[in-house]
Amino acid sequence: MDHGTHHTGTGHDDGGRQAHAGHAGQRKGRATWGTAAKATLHCLTGCAIGEILGMVIGTALMWGNVQTMILAIALAFVFGYSFTLFAVRRAGLDFRTALKVALAADTVSIAVMELVDNGIIALTPGAMDAHLSDALFWTALLGGFAVAFVITTPVNKWMIGRGKGHAVVHAYH
């Protein structure tokens, strides 16, 4: 099969996954720390945008901590998935297949990142009650992102090494 023709997302009931199975298989067992760090940074970017936006919206609406945190986490998932979704759509996948790829690629990474980041914020004394203008808010948030990056990178390396997570996305590059 011509490599350029299977990126269109048409003519394949499987969204082109069979044509790409060889690519994902080649990556299995060969995950590098650099690849894992790039995948984690990609995920962290979407999570950070969504989470900060959620906190700004929740604060502007004068919501409580729980409602604001729920919104922030939900938006972290939305933005985290959307980065991958748009990338694989540009590669020619139809929306349904692209959504499946984004969910497969990012769910574990985003979940680990959000668990760690929000856990740090929740455990930092005073951070939950800090305002957006307080240094404590930003210190806890950015510190949480840094720790989440350190913890999520080995998770992504492990997943990519098994042909899961962002290895699924790399099959469409």
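The values are calculated or read from the model by the stated rules, or taken from the named source; none is laboratory data. Owing to the predicted nature of the structure, the values given are computational and were not obtained by experimental measurement. Using ideal geometry, Cβ is built from the backbone for each residue, glycine included, and neighbour counts are taken over all protein chains shown. For the accessible areas, the whole protein counts, side chains as well, though only heavy atoms, and no ligand, DNA or RNA atoms are used. Shrake-Rupley method; radii C 1.70, N 1.55, O 1.52, S 1.80 Å.
Could you tell me what % of all Cα pairs in region 94-133 have separations over 16 Å?
Cα-Cα pairs in region 94-133 separated by more than 16 Å: 55 percent.
Solvent-accessible area of region 56-147 (1.4 angstrom probe, protein heavy atoms only): carbon and sulfur portion equals 75 percent.
Give the accessible surface of region 56-130 per residue, rounded to a whole number of Å², with probe radius 1.4 Å and ligands, DNA and RNA excluded.
Value for region 56-130: 51 Å² per residue.
What is the extension gain from Ser133 to Ser82, computed as 0.36 nm multiplied by their sequence separation minus the C-alpha to C-alpha distance, in nm to one decimal? Kindly include the intermediate steps, with their values, before the conclusion.
Details: separation 51, 0.36 × 51 = 18.36 nm, distance 2.83 nm.
Between Ser133 and Ser82, full extension yields an extra 15.5 nm.
Placing unit charges on the Cβ atoms only, positive for Lys and Arg and negative for Asp and Glu, gives region 59-131 a dipole magnitude near 360 debye about its Cα centre.
Both radii are taken from the alpha-carbon atoms of region 27-109; with Rh as the Kirkwood radius, Rg/Rh is 1.08. Three principal axis extents describe the C-alpha atoms of region 105-173; from largest down they are 43, 20, 15 Å. Amide H contacts of Arg162: Gly29, each under 5 Å away and 5 or more positions distant or on a separate chain (H built 1.01 Å from N in the peptide plane; Pro and chain starts excluded).
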